[in-house]
Structure formats: structure tokens, C-alpha cells
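This is the structure I have questions about; it appears just below.
Laboratory data are not the source of any read-out in this text; all were calculated from the coordinates shown. Quick caveat, the model's predicted, so the values are computed rather than measured. Reconstructed Cβ throughout: ideal geometry from the backbone, glycine too, with neighbour counts over all protein chains shown.
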Amino acid sequence: MLQRVISLTVRDVRFQTSLEQHGSDAMHTDPDYSAAYVVIDTDCGLKGFGLTFTVGKGTEIVVRAVDALAGLVVGKSLQEIVSDFRGFYRLLTSDGQMRWLGPEKGVIHLATAAVLNAVWDLWARAEVFITCADCFFRLPEDQMLKEGYPAYTTSCAWLGYPDQQLKQLCTDALEGGWTKFKVKVGADLEDDIRRCRLIRQMIGPNNTLMIDANQRWDVDEAISWVSRLSEFKPLWIEEPTSPDDILGHAAISKALAPLGIGVATGEQCANRVMFKQFLQASALQFVQIDSCRLGSVNENLAVLLMAHKFKVPVCPHAGGVGLCELVQHLILFDYICVSASLSDRMCEYVDHLHEHFVNPVVIQDAHYMPPKDPGYSCEMLESSVQRHQYPEGEAWKAAHEQMTKA
């Protein structure tokens, strides 16, 4: 714990998921899953790895923001950081000049998350935490080790996928034991009706369906649109409007309650303060958290505790490079140490880009299986980083050459 941080490096890593429409939704039609990837080096050789997720353009801005924060980390000992982690978080978010770019939202928040995730990873590698010391904790822990945490899939129904692909992916998922499916909606109402009907026919009446508009609508439009989709019995509508519109979400929630449709949001909510207001306003039936965009693990732990206080189940978002690897730690903490409940709880899973990680997430029978290696599971293979680093990596050089020839 006395090791001292001697350097913090950050790289812009992007994957060309837009070529096959992976991740496409009503607002993000051509996302390239990307990350500002941070590596912390210490004087004893121990490293910490962290990232924050983006969708392509603009990642370079997050990288520059991480560089600007590096001076607040380099030179500190790990002991100095973890002995007052709250103070360290405040140091990063309250710098007299950098704070002006936030505070605690936007690009500076993403940069902070990448740094803090790397520090958490470093801490976990330096010291194994024993949090399951009594019988209460051991029972949930044993259950997770045996059965895993329930997951739902979004990989079947990205908005840009053609019908035949949707059908094949649903068939494959059902054969693999999946029972919970999320569909992207919000671009065209009649097309949404058609696609939701197709998916519901594929998965049957008893499996769970969720829909996600990715903030596409205003409040009245959301209520009208989702009402038209109510025949397909969605469990929730995710991100129906601006992620910061607390009163708007409350109005949508009240209007859809008679239809039995809940409201879920949180993956792009600005910070823990707004989460508190969402919960106090009874605007959500399901809380979503994001391991990269909500200021890293620090704020997510605060949200887990608030959600437990207000008795709202947490169903984390995990669509993006490295997010499944990160969020598995949060759901396990929630179950073992906070909620001890799986009622109405599940975690998103997307089947993309896990092969680029040293310790990729493990899914068995549509359940997240607990990771066994120390750390925050976000260390990427160096070969993948080098190949997909933007713009000088071989993958991007090849793409540039193809565009030039075209």
C-alpha cells in the first residue's frame, strides 16, 4: 500500500462497431464503441487499469481531460489515496480551474471516472478485500458463486439490425437460455410496432421484454409512443426523455403506471445528486447505473445505497466496450452487501468486444458468474490496444486506406 504512483497514461481506443450497426439506437445511429483507456504505474511495478466508455468522435477530448487530471494523481502513494478516498474524489472533482468544466458532469466527469476506475483496480490488486466475514454475507456470496447474477440481453435488437438478423439472434439467444430481452425503439413508431411484434412473437408471451428510446422523445411524445407499444407488455421504457429531466420522468411514470409499464433511467444521469432527486420524486421504478459515465465506482456505490433506501431495484446498464466487465463488480456488491435481493433485478449484457480483455466477463445460462481475478476487470490486451488505438493503430490505418481508395 506504500507504492507511489509514478505515471498515468491514457490512450484513445476505438472499435469500428458502426460497420455492422452494433450498438445502434434511435439517437446513436453509427456508434464506434470506444474508450479513454488509463494505465497507472507505481514504483513497485504494480499497475492499475481503468476506462470510460464513449462512442467514437470526442474520445480525444476525454483523453485530454484525463491528461489534465494526471498531475493530481502522480506522486501520491496508494495508502494516501485509499485512506481518504472521499477526499481523493473531491480533489479530482473540485480542482479550482477544472471544476469549471463540470462540475461532476460532462467530459470532466468521464475523465474523472477513467482515473478513479484505474485507482480502484490498483487498490484491488494491491489488497484483497474481505467483506463477507459473517454468515449473512456468506450466504449471498455462495449463491452468486453457484448460480451467478441474472442478466438480460440487448445484443439481439439493435435498431440498425435487419429483421432476418433479429430473428436469428433471438433464436440463438433462446437456445442459450436467455429469457429477458431489450429492444431499441424511438426512430419510427410504425417500425417500432412491427419490430416489437416480431420480437414478442419470437420470444413468446412469458419471457420479459424491455424497450429503450435512448432519450429520443419529449415528455408528451414519450407517453403517446409507449402507450402505442403497450400491447407488447414491456416491463419498462428506458431513457424515454432527457436523462436530466426529473419532473418529465415523473410525469411519464405516472401516465404509464396504469399500463403496467415502469420507467428506467440512469446510465447518462449527470450525478448522484440528480439520482437522489429522481428517487425522491418517485420518477423511476428501476434504477440504472453505468460504471463509466456516472463518475466511476464511487458514485455508483452511493446510488446503490440510495436505491436500497427508496426500495427501487437496480438493473445496471452495460452496453459498450468494457462495461460488462466493470459492472459485474457493482451488481455483486449490491446483492452481497446491500440489497440481498434478486427481485426485479437483472443486469444488461451485450456480446461485443469481450475478446479484447485480459479477464473477460463470464456468462453461464444467462447469468453473470463472479470474476475470480483481483482487480476491476478492465485491463485490455496490449495487442488490442495497439491495433485499435486511434488514429495510428493498424485497424484505423487500414480503414483510412480503404476510404482513400474508395
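Going out from 0 in 5 Å bins, what whole percent of all Cα-Cα distances in segment 1-140 drops into each bin?
So the P(r) values, bin by bin, are 2, 10, 17, 18, 16, 13, 10, 8, 5, 1.
Please find the FRET efficiency linking S224 to R64, where r is the Cβ-Cβ separation and R0 is fixed at 51 Å, and quote it to the nearest 0.05.
Working: r = 42 Å, r/R0 = 0.82.
The calculated FRET efficiency here is 0.75.
Given 25 °C and 0.890 mPa s, how large is the Stokes-Einstein diffusion coefficient of segment 333-376 in µm²/s, with Rh as the Kirkwood radius over Cα pairs?
On the way: Rh = 12.4 Å.
Rounded, D is 198 µm²/s.
Also, quick follow-up: Given axes a ≥ b ≥ c from the Cα gyration tensor, I'd like to know whether segment 135-369 is rounded (a/c under 1.5), prolate (a/b larger than b/c) or oblate. It would help to have the intermediate numbers written out before the result.
Working: a/c = 1.66, a/b = 1.12, b/c = 1.49.
Oblate shape, in that a/c is at least 1.5 and b/c is the bigger or equal ratio.
Would you mind checking K276/K311; K182/K311; K276/K309; K184/K233; K182/K254 for any pair whose Cα atoms are more than 18 angstrom apart?
K182/K311; K182/K254, as the Cα separations exceed 18 Å there.
Moving to a separate point now. Work out the P(r) tail for segment 58-128: percent of alpha carbon pairs separated by more than 14 Å, whole number. Show your work: numbers first, answer last.
Working: 1446 of 2485 pairs.
Here the long-distance tail beyond 14 Å is 58 percent of all Cα pairs in segment 58-128.
Using only alpha carbons, build the gyration tensor for segment 1-69 and give me the equivalent ellipsoid semi-axes, biggest first, whole Å. Could the numbers behind the result be given before it?
Values: eigenvalues 190, 27, 13 Å².
Working from the Cα gyration tensor, I get semi-axes of 31, 12, 8 Å.
Is the shape of segment 228-280 rounded, prolate or oblate, going by the alpha carbon gyration tensor and its root eigenvalues a ≥ b ≥ c, with a/c under 1.5 for rounded and a/b larger than b/c for prolate? It would help to have the intermediate numbers written out before the result.
Working: a/c = 2.55, a/b = 2.00, b/c = 1.28.
Prolate, since a/c reaches 1.5 and a/b exceeds b/c.
Counting only helical runs of four or more DSSP H residues, what would the 222 nm mean residue ellipticity of the chain come to if each run contributes -39,500 (n - 2.57) and the total is spread over all its residues?
Working: 14 runs with 162 residues, N = 406.
When only DSSP H runs of four or more count, the value is -12500 deg cm²/dmol.
Moving on. Dipole of segment 10-56 (Lys/Arg Cβ +1, Asp/Glu Cβ -1, origin at the Cα centre): which of F15, Y33, G45 lies farthest to the positive side?
Projecting each Cα onto the dipole axis, the largest value belongs to G45.
Shifting gears a bit: Between A118, W217, A366, whose Cα lies farthest towards the positive end of the dipole of the chain when Lys and Arg beta carbons carry +1 and Asp and Glu beta carbons carry -1, centred on the Cα centre?
W217
Which net charge results for the neighbourhood of A398, defined as the other residues with beta-carbon distances under 15 angstrom from its beta-carbon, given Lys and Arg at +1 and Asp and Glu at -1? Please list the in-between numbers first.
Working: positive: R14, R387, K397, K405; negative: D32, E392, E394, E401.
Charge balance near A398 sits at 0.
Which length gain, in nm to one decimal place, applies between K405 and L2 when the Cα-Cα distance is subtracted from 0.36 nm times their residue separation?
Between K405 and L2, full extension yields 139.7 nm more.
Quick one: Karplus J couplings for segment 330-340, per residue in order, coefficients 6.51, -1.76, 1.60, θ = phi - 60°, nearest Hz, x for Gly and Pro?
5, 5, 5, 4, 4, 6, 6, 10, 10, 8, 6
With charges only on Cβ, +1 for K and R and -1 for D and E, what is the dipole size of the chain about its Cα centre, in debye, rounded to 20? It would help to have the intermediate numbers written out before the result.
Numbers: 36 positive and 51 negative charges, 128 e Å.
My answer is approximately 620 debye.
I've got another one for you. Count charges around V73 for me, please; just the other residues with Cβ under 12 Å from its Cβ, Lys/Arg as +1, Asp/Glu as -1. Don't skip to the end; give the middle numbers.
Numbers: positive: R4, K76; negative: D41, D67, E80, D95.
Neighbourhood net charge equals -2.
Among G319, A157, G75, whose Cα projects farthest towards the positive end of the dipole of the chain, with charges put on the beta-carbon of Lys, Arg (+1) and Asp, Glu (-1)?
After comparing all options, I get G75.
Give me the angle, in degrees from 0 to 90, between the Cα long axis of helix 135-147 and the longest principal axis of the Cα atoms of the chain, rounded to the nearest 10.
70
Taking 8 Å as the Cα distance limit and 6 or more residues as the minimum spacing, I'd like the relative contact order of segment 5-129 as a percentage.
On the way: 206 pairs, mean separation 36.0, N = 125.
After rounding, I find 29 percent.
Contour minus end-to-end for E127 and Q143, with contour as 0.36 nm per residue of separation and end-to-end as the Cα-Cα distance? Numbers along the way, then the final one.
Working: separation 16, 0.36 × 16 = 5.76 nm, distance 2.39 nm.
That works out to 3.4 nm of additional length.
Something else: What share of the DSSP beta bridges in the chain is antiparallel, in percent to the nearest 5?
On the way: 25 of 42 bridges.
Bridges in the chain are about 60 percent antiparallel.
For a Förster distance of 25 Å, can you work out the FRET efficiency between the beta-carbons of K167 and T29, rounded to the nearest 0.05? Write down the numbers at each step before the final one.
On the way: r = 22 Å, r/R0 = 0.87.
Efficiency computed from Cβ-Cβ geometry: 0.70.
So for the pair L189, F310, with labels modelled 7 Å out along Cα→Cβ, what separation do we get in nm?
About 3.0 nm separates the two model spin labels.
Next up: Averaging over every viewing direction, what projected area does the convex hull of the Cα atoms of the chain cover, in nm²? All intermediate terms of the calculation are to be shown ahead of the outcome.
Numbers: hull surface 79.7 nm².
Over every viewing direction, the Cα hull of the chain projects on average to 19.9 nm².
Turning to a different aspect of this structure: Show me 75-83, 105-113, 318-326 ranked by packing, highest mean number of other Cβ atoms within 10 Å first.
Ranked from most to least packed, the peptides come out as 318-326, 105-113, 75-83.
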